[in-house]
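Just below is one structure, and these are the notes that go with it.
Laboratory data are not the source of any read-out in this text; all were calculated from the coordinates shown. For clarity, every value in this text was computed on a predicted model and none was experimentally measured. So basically every Cβ, Gly included, is an ideal-geometry build from the backbone, and we count neighbours across all protein chains shown.
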Amino acid sequence: MPQSEPRFDELLAGARRSAVHLELRDVYAVPDEADDYRRWRETGERDVDPASAYWAPWVEMVRSASARGVRMRRVRIVSEPVSDYIRYEHAGTVVNVAAGEEVRWLPRHQALGLLLPVVDGWVFDGEQLLANHFTGSGQWATPPLELHTGPDLVKAYADAVEAVWERAVPHDQYTIR
């Protein structure tokens, strides 16, 4: 049964060993990225300053988690050729990596044979799943987040993420197509 109103920052602050994120969409349209994405589309320049107002809160959370010994990973399944949004994400991933995240990319056609979740999510310490819900256009759905702690669901999701991780290409080796 999902719990109500989870807060990502609190879940990450409580993580002891790991936090891994699976991203499945080719387009996101969340408000906190709108200005940066619009600027990138207009200029081709991505904010990659870890101290900027856009990045600083995230970088601090990642660095704090890493300092506590939490291994942070992110894996993205993407269609090729990639969408403009994925190009934008790829351009900014240098900040994620510099902050302490490990990031990998898996072309969607290489995911054939994997049993995949239908929603994005974060798994914390293999014990909690924070499911992320989006509308068809990539905006946050209602509810946007659901926290699950049922061991069978969390394990199934975590196992799927690990299978994707094993096939995926590290960020520094992935070429945008």
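Points to keep in mind about this one:
- Inside region 65-84, residues that are among the charged types (D, E, K, R) and loosely packed, with under 14 Cβ neighbours inside 10 Å make up a count of 2.
- Looking only at region 29-48, and only at residues there that are part of a loop (DSSP other than H, G, I, E, B) and more than 19 Å from the chain's Cα centre (by Cα), the one that is farthest from ASP84 (Cα to Cα): GLU45
- Filter result (charged (D, E, K, R) and within 27 Å of GLY150 (Cα to Cα)) within region 105-137: ASP120, ASP125, GLU127
- Condition check for VAL103: surrounded by 20 or more Cβ atoms within 10 Å (Cβ to Cβ) and of a type in the set (A, V, I, L, M, F, W, C): yes
- Checking each residue in region 106-123 for being touching an Asp or Glu at 6+ places or on another chain (Cβ under 8 Å) and crowded, with 16+ Cβ neighbours inside 10 Å picks out PRO107, ASP120.
- LEU115 being in contact with a Pro (Cβ under 8 Å, 6 or more places away or on another chain) and aliphatic (A, V, I, L, M): no
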